[in-house]
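Here is the structure we will look at, set down as structure tokens.
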Amino acid sequence: MILVAVMMPFGMLAIVGLPKLGGLSLLAVNVASAAAVGAGILLLLGRLMRGDRIRLEPSAIAILIFAAYTIFSATVLVRLFSGEIMVFSLSRSAGGVRVSTAFLWGKVWLSPGSSNISQTFYIVLASGLFIVAVNQLSRRGAAFGDQCMAWAAGVNLGLGVLDMAALDPVLALIRTASYSLMNEATVAGIPRVIGGFSESASFGAFSAVLFAYFATLALRTGRRRDAVLALGNGVFACLALSATGLLAVAVVTCILLVQVQVRVPEQTSRGMLLGFAVVLAAGGLGLAAALTMTDTPAMVASVINDLIINKSQSSSGLERSAWMMGGLEALQQSMGLGVGAGSLRSNGLLFVLLGSVGIPGTAAFCAFLILAFGGRAIAGQEDTLAATRLGAVAALVSLMLSATVPDPGVPLIFLAALAVATRRNPATVDAAPMPRMPHLQTRSLVQ
């Protein structure tokens, strides 16, 4: 699990490339996940041979149903509706019939393809990772998962710093995937930070998830480590200059402000109140100086205009709107069954799921989320459960805005497994010591 967490920030580090399988590019995090699933299968077989009872969590059953329907959709439904429905293909080279003069992407007749295999593989892998991660995190304790998240956040910060310093020769060592690298993109002349990913939206979304997780812990525990990781990743989520990351940060911040209003009357620690006052004062002075001494107002207005106000009217915005409607059309024309995972490109996780796996698959995925993040944590794990929930909110906000395929992604799956682990008593056997983050102490801010 440590390796899986550490590999999450390396969003462009490919280990295996299989272009003939729908552009299947196995990233380091996918390979680490596959290794974890393989080891978990071997342990499961060993337990079965010993006659041990195997118990599946309700959330595990739900995600297995989701995976099973995904396989059915990608093997049966895509052939059932082949040649009868027009969709936006996942492949840019597919050509097709243009539906708008604003963008080049066109529609093609639905047919089975290699992308059905690749997208099904990712979803099956995510399902297996969830089951294995729940088992491992439950045995080692939720604190182990918390340390895994800390490693992921620390590595993400390091990669963000390298990208800000324009150390492209160093980052070239981990940018081996066949994705289009967008490290030269700017907004209003301001360069976007992409860290270890191929573009800013993915980096901003992942940084927002880490910000949500550690900001929650910082507010609830007052630990310095959590505050540092939350602040650093929150800054990078904004520096990515991606509408996806910025909206996720905005939603998370609003939720955190509500939580602060509720918790401050209960926790009247002078240290915590003084800390909030210092941060607000410093932020206010910095903002006042920027507004009066620089061209920041015009620059900020230009960024907001490009990212938010005119986003929907840009060719990219119009294209994504067409993809979204394409998902709904596929849902309608397939009578609610979906046309198969990997069969189409849509926009926004909800529309992608509805178009790909229809109402049954979408319902199974929603049931998985409710079962994974619902319920109550055992004594002492309430803070971690709250952090996973807000991290999941950030992940889902990002996916609802920018997802084009039904793969939920490793970060959301890991958070779901950690949420389940907070509701289970950890076993003490085989609990190996966890390496600590260097130079990040966990002293309380409110001592």
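The values are calculated or read from the model by the stated rules, or taken from the named source; none is laboratory data. Note that the coordinates shown come from a computational prediction; the quantities given were computed from them, not determined experimentally. Virtual Cβ from ideal backbone geometry, glycine too; neighbours counted across all protein chains shown. The area values use the complete protein model at the heavy-atom level, side chains included, leaving out ligands, DNA and RNA. Shrake-Rupley method; radii C 1.70, N 1.55, O 1.52, S 1.80 Å.
Quick notes on this structure:
- Candidates MET335, MET293, filtered to the one that is open to solvent by 60 Å² or more (accessible area, probe 1.4 Å) and either at pLDDT 80 or above or of a type in the set (Ser, Thr, Tyr) (or both): MET335
- Residues of segment 206-224 classified as surrounded by fewer than 24 Cβ atoms within 10 Å (Cβ to Cβ) and among the polar types (S, T, N, Q), total: 1
- One residue stands out among those in segment 121-143 that are open to solvent by less than 10 Å² (accessible area, probe 1.4 Å) and in contact with a Ser or Thr (Cβ under 7 Å, 6 or more places away or on another chain): the one that is farthest from ARG389 (Cα to Cα), which is ILE123.
- Restricting the first member to segment 164-177 and to residues that are under 19 Å from ALA240 (Cβ atoms) and open to solvent by 70 Å² or more (accessible area, probe 1.4 Å), and the second to residues that are assigned to a helix (DSSP H, G or I) and of a type in the set (Phe, Trp, Tyr), no beta-carbon pair is closer than 7 Å while six or more apart or on different chains.
- Test: residue in segment 57-74 that is modelled with pLDDT under 80 and either more than 22 Å from VAL357 (Cα to Cα) or surrounded by 16 or more Cβ atoms within 10 Å (Cβ to Cβ) (or both): no
- Only one of VAL108, VAL97 that is more than 19 Å from GLN332 (Cα to Cα) and modelled with pLDDT under 90: VAL97
- Scanning segment 39-52 for residues that are at pLDDT 80 or above and either on the phi > 0 side of the Ramachandran plot or loosely packed, with under 12 Cβ neighbours inside 10 Å (or both) yields LEU42, LEU45, GLY46, MET49, ARG50.
- Qualifying residue in segment 387-401 (condition: crowded, with 19+ Cβ neighbours inside 10 Å and at pLDDT below 90): yes
- GLY338 vs. criteria over 14 Å from the mean Cα position of the chain (by Cα), closer than 30 Å to ALA143 by Cβ and assigned to a loop (DSSP other than H, G, I, E, B): no
- Summed over segment 352-378, residues that are open to solvent by 50 Å² or more (accessible area, probe 1.4 Å) and part of a helix (DSSP H, G or I) total 6.
- Only one of LEU246, LEU231 that is over 19 Å from MET7 (Cβ atoms), aliphatic (A, V, I, L, M), free of Cβ contacts under 8 Å to residues at least 24 places away in the same chain and open to solvent by 10 Å² or more (accessible area, probe 1.4 Å): LEU231
- Counting residues in segment 362-382 that are of a type in the set (Gly, Ala, Ser), within 30 Å of SER321 (Cα to Cα) and in contact (Cβ under 8 Å) with a residue 24 or more places away in the chain gives one or more.
- Selected residue [more than 30 Å from ILE190 (Cα to Cα) and modelled with pLDDT of 90 or more] from VAL161, VAL155, VAL124: VAL124
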